[in-house]
Number of protein chains: 2
Amino acid sequence: MIVSEICDRLGIRYPVFQGGMAWIADADLAAAVSNAGGLGIIASGNAPVEVVLGQIRRVRTLTDQPFGVNIMLMSPFAPAIAAMVAEEKVPVLTTGAGNPAPYMKTWQEAGITVIPVVPSSGIAKLVERCGAAAVIAEGGESGGHVGDLTTMALVPQVRDAVSIPVLAAGGIGDGRGMAAAFMLGACGVQMGTRFLVAKECNVHPTYKAKILAAKDIDTMATGRRLGHPVRSLKTDFTRMFAQKESDHTVTNEALEALGGGALRLAAVEGDEHDGCFMAGQVAGLVHAEQTVAEIIDEVVGQAEALLSGASRWVA
Amino acid sequence: MIVSEICDRLGIRYPVFQGGMAWIADADLAAAVSNAGGLGIIASGNAPVEVVLGQIRRVRTLTDQPFGVNIMLMSPFAPAIAAMVAEEKVPVLTTGAGNPAPYMKTWQEAGITVIPVVPSSGIAKLVERCGAAAVIAEGGESGGHVGDLTTMALVPQVRDAVSIPVLAAGGIGDGRGMAAAFMLGACGVQMGTRFLVAKECNVHPTYKAKILAAKDIDTMATGRRLGHPVRSLKTDFTRMFAQKESDHTVTNEALEALGGGALRLAAVEGDEHDGCFMAGQVAGLVHAEQTVAEIIDEVVGQAEALLSGASRWVA
């Protein structure tokens, strides 16, 4: 067993969070992760409040273990979802793509454990002051919306900046990444790409097949010009997007419109031409569709073996 | 003591390489690192062959330990330097910014240990086939010329792709990064930014002061449009460069010309306005000017403590 303060705090068996992947991380995936001893997380993405509420009600029928909801703060529905999750008293919230400060008081009064995803030590300090229970320091090698700092550089700097527990996300696809995260000062990890190919994940089979076929160099970040880059597999869509991004005759508004709906096309329709298949740089490390329990056992088992055997490197 | 096959192979005490920083990594710094038990490396950058030869002769007067030379393969002087280092039979060569294959035979015949810096598992496989003794898998969080993949994602994927030893570079500023690198599958590390502020480093004092003052978010990569992005501290120069880079009326030729000489201005003149202060994302982890021996002792000591105590995370 891995010893971690985040397990004690949340009442979970393994310090492994499943990333809140929009259009992908639904109640089925979250329940499977929570039932396997990790922390399953329902993504709210840009979904309306009723959809997220439906997923919360569903996950409660599938597991009696703690689970989380990820609030994408740039969503137009974020304020409504923020209020709903407080009423629902979900056990854990993670937040991304924005500043959760305006909602922290409401959530704390509802007894919710809030764990923001942070891209820098400055933001980590800010959310600590607002009452965050922990932070997830996410490096830009992750899939979806990404920051500039990488996990290797970010985690120790966040660890030095705050007193609350730090989890690491981005670049973690197996037990090597998990063990490395502990060395960097994290007490747990969040994985997205690895769970995306889980048997319990309802994402379109084409999406899984593309992740399983990917090599290390097969992702790219697009949308830097818009100020919120997104990492996804290199496809016709991303190449077209990158080309438009470097074309000065294409306005930012047109570029934003171009991106809208592309993740849904990938996740729901498996549209290889117009879909945006978000994925992290560890896609090249993911070689098999497995059950969530197999993934967690394998990753945690490898990390345990590395950590318990690490003294062999010291004579 | 850290156990590492790269130490046995090269006859060095610690598996710590000093990065081949152009205009910065001279014979004085390289000798100090080699004398302290690491592998000091003279950067050739864009320097002409006589300058590099002078540094090689000088380092041999300052240390009897193994040292290396870094060949920047994009340099117009690369072919001449490649021939010269073979004649000089330097112990170790690292290569960057290109494919070393055309020179491998010459270097191997001279008995040189060649360790290319690689940005992907494909390039790692390629240089292994050409006879590389090891590879340095360098993540894009490093300073100077950077690739896309980050250390956390890159190192395990390179490790899986090749049979030769793998060192990690990028994002390593202290013993936490070094210990993490071992977990990811590396048997050693290369550090640049941390050695840049060493007392024995002859870089301009303003450069050191800027590194010491930097926070985690204070670097950025520019030059993506030119196909060879460079990470440096955010300054007037980099902001100007980024602005021109997104200005379609500025040609690539003009952009290249803009960058020329900027590193020299930073490293030699300490020019805060027109200089390009290359640095990695760990600049925010570097807090003191220390001797090379103090740096190595501190980093290796911290890594040893983490590795020997890692079993405490497993119950």
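The values are calculated or read from the model by the stated rules, or taken from the named source; none is laboratory data. Model, not experiment: these values are computed from the prediction. We place every Cβ from the backbone using ideal geometry, glycine too, and count neighbours over all the protein chains shown. What goes into the accessible areas is simple: the full protein's heavy atoms, side chains included, and nothing from ligands, DNA or RNA. Shrake-Rupley method; radii C 1.70, N 1.55, O 1.52, S 1.80 Å.
Separation of the alpha carbons by more than 25 angstrom is noted, of A:K244/B:K244; B:K208/B:K234; A:K125/B:K234; B:K105/B:K125; A:K215/B:K234, for A:K215/B:K234. Computed in the context of the full set of protein chains, the accessible area of the stretch A:173-315 at 1.4 Å probe radius has 52% of its extent on carbon or sulfur.
Rounded, prolate or oblate: which fits chain B, taking a ≥ b ≥ c as square roots of the Cα gyration tensor eigenvalues, rounded meaning a/c under 1.5, else prolate when a/b beats b/c?
Values: a/c = 1.35, a/b = 1.16, b/c = 1.16.
Since a/c stays below 1.5, the shape of chain B is classed as rounded.
Per-atom-type breakdown for the stretch A:45-108 gives carbon and sulfur 57% of the accessible area (1.4 Å probe, protein chains only). Sequence-ordered 3J(HN,Hα) estimates for the stretch B:203-218 from the Karplus curve with 6.51, -1.76 and 1.60 and θ = phi - 60° stand at 4, 4, x, 4, 4, 4, 4, 5, 5, 5, 8, 5, 9, 4, 8, 8 Hz, glycine and proline given as x. For the stretch A:272-315, accessible area lost to neighbouring protein chains reaches 40 Å² or more, against the chain alone with a 1.4 Å probe, at A:Q281, A:L285, A:L307, A:W313, A:V314, A:A315. Taken as Cα centroids, the stretch B:231-309 and the stretch A:8-40 sit 39 Å apart, rounded to the nearest whole angstrom.
Any idea what the dipole of the protein assembly as shown comes to, in debye rounded to 20, about its Cα centre with Lys/Arg Cβ at +1 and Asp/Glu Cβ at -1?
Details: 48 positive and 64 negative charges, 70 e Å.
With Lys and Arg at +1 and Asp and Glu at -1, about 340 debye.
Please give the total accessible area that chains B and A bury against each other, computed with a 1.4 Å probe and expressed in Å² to the nearest 100. Chains B and A together bury roughly 4000 Å² of accessible area. Surface analysis of the protein assembly as shown yields an accessible area of 36 Å² per residue, using protein heavy atoms and a 1.4 Å probe.
If you put +1 on each Lys and Arg Cβ and -1 on each Asp and Glu Cβ, how big is the dipole of chain A around its Cα centre, in Debye rounded to 20?
Values: 24 positive and 32 negative charges, 90 e Å.
Computed about the Cα centre, the dipole is about 440 debye.
B:S246 sits with roughly 100 Å² accessible to a 1.4 Å probe, with DNA, RNA and ligands left out of the calculation.
So for the stretch B:32-141, Kirkwood radius off the Cα pairs, Stokes-Einstein at 25 °C and 0.890 mPa s: how many µm² s⁻¹? Write down the numbers at each step before the final one.
Details: Rh = 14.0 Å.
Using the Kirkwood radius from Cα pairs, D works out to 175 µm²/s.
Roughly speaking, what % of Cα-Cα pairs in the stretch B:1-70 are separated by over 14 Å, rounded to a whole number? Please list the in-between numbers first.
Details: 1248 of 2415 pairs.
Percentage above 14 Å: 52.
B:A209 label point (Cα plus 7 Å toward Cβ) to equivalent points in the other copies: 6.1 nm, shortest first.
Modelled this way, with points 7 Å down the Cα-to-C-beta line, the labels at A:E5 and A:R264 are 4.2 nm from one another.
Counting alpha carbon pairs within less than 8 Å and at least 6 residues apart, what relative contact order, in whole percent, applies to chain B?
Numbers: 693 pairs, mean separation 52.8, N = 315.
Result for chain B is 17 percent.
Dimensions of the protein assembly as shown along the principal axes, based on C-alpha atoms and rounded to the nearest Å, stand at 74, 59, 43, largest first. Computed with a 1.4 Å probe on the full set of protein chains, the accessible area for A:S120 sits at about 10 Å². Choose one of B:A209, B:G223, B:T193: the residue whose Cα lies farthest towards the positive end of the charge dipole of the stretch B:190-235 (beta-carbon charges +1 Lys, Arg; -1 Asp, Glu; about the Cα centre). The Cα lying farthest towards the positive end belongs to B:G223. The slack in the chain from A:K125 to A:V250, taken as 0.36 nm per residue of separation less the alpha-carbon distance, amounts to 41.3 nm.
Taking every protein chain into account, the 1.4 Å probe leaves B:D271 with about 40 Å² of accessible area, to the nearest ten. Every helix of 4 or more DSSP H residues in chain B counts as -39500 (n - 2.57), and over all residues that averages to -11500 deg cm²/dmol at 222 nm.
Using the Cα gyration tensor of the stretch B:155-268, with a ≥ b ≥ c the square roots of its eigenvalues, what is the shape: rounded (a/c below 1.5), prolate (a/b larger than b/c) or oblate (neither)?
Oblate.
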